[in-house]
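J.: Below you will find the structure I want to go over with you.
The values are calculated or read from the model by the stated rules, or taken from the named source; none is laboratory data. In this text, all values refer to a predicted model and were calculated from it rather than measured experimentally. Here the Cβ is made from the backbone with ideal geometry for all residues, glycine too, and neighbour counts use every protein chain on show. Quick note on the areas: whole protein, heavy atoms, side chains included, nothing else; ligands and nucleic acids left out. Shrake-Rupley method; radii C 1.70, N 1.55, O 1.52, S 1.80 Å.
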Amino acid sequence: MRENLIFRENPARVGELVGSVPVTDPAGVDEVVHRADGAFREWSRVPVAERIAALRHAADTVAARLEELATLLARETGKPLADCRGEIGFAVTFLRWTCDRAPAALASVEVDDAAGRLVVRRKPYGVVGCVTPWNAPIILAMLKLGPALVAGNAVVLKPSPLAPLTVTEIAATLPATWVIHGGAETGRALVGHRLVRKVAFTGGDAAGREIAATAGAMITPSVLELGGNDPAVFLPDFALTGADYERLVMASFATGGQVCMAAKRLYVPRARSTEFVEAYLAAAERVLVVGDPLAEEVTMGPVISAAAADRIGALVAASTGAGGGRAVPLGRSVPGHDPSSGYFVTPHLVIGLDDHAPLVADEQFGPVVPLLVYDGEEEVLARANAGELGLGASVWSADEECAFALADRFEAGFVFVNTHNRTGMSLRAPFGGVKRSGYGREYGKEGLLEYVQSAVVHAPAAFRPGGGGMAAGAYPG
Ligand code: NAD
């Protein structure tokens, strides 16, 4: 029988094959999950210090191959080479951080006192089924694999068929880890498997709802990291340097805007909007350089697929003309760049829309950003909090106290102050959404604790030898 393969092409060079992986059909998923379940029984009994040593070894192996892996990642995703180096380097840093923090986070609580003897253990779930997207395929996998493995779980990972290659190489360095390939059908077989004891998903709304329903029907706990439509709010006293504007531009356009926590709506005070737009366009001209991801000076490559390019092109078209907006092209291309060589989309700032426009109301997930003006603080807060998504947000102000005070009133899981997107992340800060952006957290101690459940052994004082028992109807203290 011929093997069913997924072929991955380079989105910057249409027709250039980067590699292929075999599709795992539902029977194959069942076999892999059974194997992982068997391995879980061994791996969970390995002392935590040895598990940590194995993960540190994997981190060192990946770090030593960083350049080769970054090039492969750039070729399969269209992300600039420097970003790919950064993503893999960050995944290594995260894995090492997880190893550093695991002993304290996973330690049992043991008490032996007048109330009795109590042990609270942090136990792994079993097989963790991970389903991940293509836009940051390494870090989004490592955020699940690192904490799950160090806690003694086994992992079956189903990466996106749009970025399956580099993550497969990296997963091969990790113990108790299996990778399966395919689209929704393979994902469904994994999430709905009776031996999968925890599900971790990052991706879009439609898949998220289905996965939550399947996991719910199985009583399988899940972590869901879904989309966002992050507002960036500039208070009337904002004081941005040229470097701040450059950071802001990349907060929207890194990875061609295909980032869950990108700055997706810019809210600027009406009185300062002309000044803002001028400085923004100048900054974009300096830092937003479109071209082949393997060219060192490039900061924005193509989008992931022809379908994504078409969808974003249609969104820009619908926002202008009768849509009421004016689309201003941003940045520049490397000399000699041929946009027809791949799925390139010209980045745009769109001015003059109202909040009902699809570009404002929905997650665009591409290189086009609306700039909106506002007149008052309560008004902008209500507009920023409108909608069903609540992943990230940002507040920009010269007065940090004002920024923090307003930040507390955002309906978002993570509010950045005077920055946005990955420059505002921290290993110690739990990340995740509120409202329909999902539930559960990654990063921080919370991210480590997602992959353990507490299990108790308790001898109440009353029933220990010589304890004297408990009066009928009494409750323990
Ligand atoms: P997607 O939902 O289309 O696919 C994500 C993964 O789910 C892929 O591996 C896909 O094959 C699989 N899948 C799809 N349908 C499935 C089903 N019914 N059952 C099981 N698996 C299924 O998302 P995408 O296009 O790869 O990624 C873009 C989305 O991800 C955006 O909405 C973005 O905001 C979101 N995202 C969120 C975060 C976060 O941390 N919150 C991070 C990155 C991306």
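J.: G468: without any contact (Cβ under 8 Å) to a residue 24 or more places away in the chain, away from the ligand (no atom under 14 Å from the Cβ) and either touching an Asp or Glu at 6+ places or on another chain (Cβ under 6 Å) or of a type outside the set (D, E) (or both), yes or no?
T.: For G468, the condition - without any contact (Cβ under 8 Å) to a residue 24 or more places away in the chain, away from the ligand (no atom under 14 Å from the Cβ) and either touching an Asp or Glu at 6+ places or on another chain (Cβ under 6 Å) or of a type outside the set (D, E) (or both) - is met.
J.: Here's a follow-up. Restricting to the range 200-218, give me the number of residues that are near the ligand (Cβ under 9 Å from one of its atoms), touching a helix residue (DSSP H, G or I) at 6+ places or on another chain (Cβ under 9 Å) and under 24 Å from Q258 (Cβ atoms).
T.: Qualifying residue count for the region: 6.
J.: Cβ-Cβ distance below 6 Å, separation of 6 or more or different chains: which pairs start in the range 284-312 with a residue that is touching a residue at least 12 places away in the same chain (Cβ under 8 Å) and among the charged types (D, E, K, R) and end on one that is assigned to a loop (DSSP other than H, G, I, E, B) and crowded, with 23+ Cβ neighbours inside 10 Å?
T.: D292/A12
J.: If we keep just the residues of the range 335-360 that are over 29 Å from the mean Cα position of the chain (by Cα) and assigned to a loop (DSSP other than H, G, I, E, B), which is nearest to A283 (Cα to Cα)?
T.: Filtering first and then ranking leaves P335.
J.: While we're on this one: Identify, by number, the condition in (1) β-branched (V, I, T); (2) open to solvent by 10 Å² or more (accessible area, probe 1.4 Å); (3) under 16 Å from V23 (Cβ atoms); (4) not in a helix (DSSP H, G or I) that V156 doesn't meet.
T.: In the conditions (1) β-branched (V, I, T); (2) open to solvent by 10 Å² or more (accessible area, probe 1.4 Å); (3) under 16 Å from V23 (Cβ atoms); (4) not in a helix (DSSP H, G or I), V156 misses (2) alone.
J.: Another question about this same structure. Could you please find all residues in the range 282-316 being open to solvent by 10 Å² or more (accessible area, probe 1.4 Å), over 27 Å from L226 (Cβ atoms) and out of contact with any strand residue (DSSP E or B) (no Cβ under 7 Å at 6 or more places or on another chain)?
T.: A282, R286, V287, D292, L294, A295, E296, listed by residue number.
J.: Mind counting the residues in the range 111-137 that are surrounded by 18 or more Cβ atoms within 10 Å (Cβ to Cβ) and either closer than 28 Å to G468 by Cβ or within 16 Å of the ligand (Cβ to nearest atom) (or both)?
T.: 11
J.: For the range 250-275, which positions are within 14 Å of P347 (Cβ to Cβ) and assigned to a strand (DSSP E or B)?
T.: L266
J.: Regarding R41, is this residue assigned to a helix (DSSP H, G or I), surrounded by 15 or more Cβ atoms within 10 Å (Cβ to Cβ) and among the basic types (K, R)?
T.: No; evaluated as a whole, the condition is false for this residue.
J.: Scanning for something over 20 Å from V345 (Cβ atoms), in contact (Cβ under 8 Å) with a residue 12 or more places away in the chain, open to solvent by 40 Å² or more (accessible area, probe 1.4 Å) and more than 16 Å from the ligand (Cβ to nearest atom), does the range 224-237 turn up at least one residue?
T.: yes
J.: Something else now. All but one of (1) in contact (Cβ under 8 Å) with a residue 24 or more places away in the chain; (2) touching a strand residue (DSSP E or B) at 6+ places or on another chain (Cβ under 6 Å); (3) open to solvent by 10 Å² or more (accessible area, probe 1.4 Å); (4) more than 16 Å from the ligand (Cβ to nearest atom) hold for D354; state the number of the condition that does not hold.
T.: All conditions are met except number (2).
J.: Assuming A263 fulfils every condition listed in (1) within 18 Å of D83 (Cα to Cα); (2) open to solvent by 30 Å² or more (accessible area, probe 1.4 Å) apart from one, which condition is it?
T.: Tallying (1) within 18 Å of D83 (Cα to Cα); (2) open to solvent by 30 Å² or more (accessible area, probe 1.4 Å), A263 fails exactly one: (2).
J.: Let me ask you something else. Among the residues that make up the range 417-433, is at least one of them out of contact with any Lys or Arg (no Cβ under 6 Å at 6 or more places or on another chain), in a strand (DSSP E or B) and open to solvent by 20 Å² or more (accessible area, probe 1.4 Å)?
T.: Among the residues of the range 417-433, at least one is out of contact with any Lys or Arg (no Cβ under 6 Å at 6 or more places or on another chain), in a strand (DSSP E or B) and open to solvent by 20 Å² or more (accessible area, probe 1.4 Å), which makes the answer yes.
J.: Follow-up. Which residue is most open to solvent (accessible area, probe 1.4 Å), if the candidates are limited to the range 373-391 and must be over 22 Å from N421 (Cβ atoms) and in a loop (DSSP other than H, G, I, E, B)?
T.: Step by step, filter the range 373-391, then rank; the result is D375.
J.: OK, next. Restricting to the range 86-110, what's the tally of residues that are aliphatic (A, V, I, L, M) and open to solvent by 50 Å² or more (accessible area, probe 1.4 Å)?
T.: Matching residues across the range 86-110 total 2.
J.: Could you please let me know if G208 is assigned to a loop (DSSP other than H, G, I, E, B), in contact with a strand residue (DSSP E or B) (Cβ under 9 Å, 6 or more places away or on another chain) and not aromatic (F, W, Y)?
T.: no
J.: Shifting gears a bit: Does A398 qualify as being over 18 Å from E225 (Cβ atoms) and open to solvent by less than 40 Å² (accessible area, probe 1.4 Å)?
T.: no
J.: To continue, here is another question. Scan the range 20-36 and tell me whether some residue there is surrounded by 17 or more Cβ atoms within 10 Å (Cβ to Cβ), of a type in the set (D, E) and assigned to a helix (DSSP H, G or I).
T.: no
J.: Give the number of residues within the range 270-327 that are on the phi > 0 side of the Ramachandran plot and either within 16 Å of the ligand (Cβ to nearest atom) or not small (G, A, S) (or both).
T.: Number of matching residues: 0.
J.: Just need a number here: residues in the range 101-134 that are over 18 Å from P430 (Cβ atoms) and out of contact with any strand residue (DSSP E or B) (no Cβ under 9 Å at 6 or more places or on another chain).
T.: 4
J.: On to the next question. Name every residue in the range 165-199 that is part of a loop (DSSP other than H, G, I, E, B), in contact with a Ser or Thr (Cβ under 7 Å, 6 or more places away or on another chain), more than 9 Å from the ligand (Cβ to nearest atom) and open to solvent by less than 30 Å² (accessible area, probe 1.4 Å), in order of residue number.
T.: I180, H181
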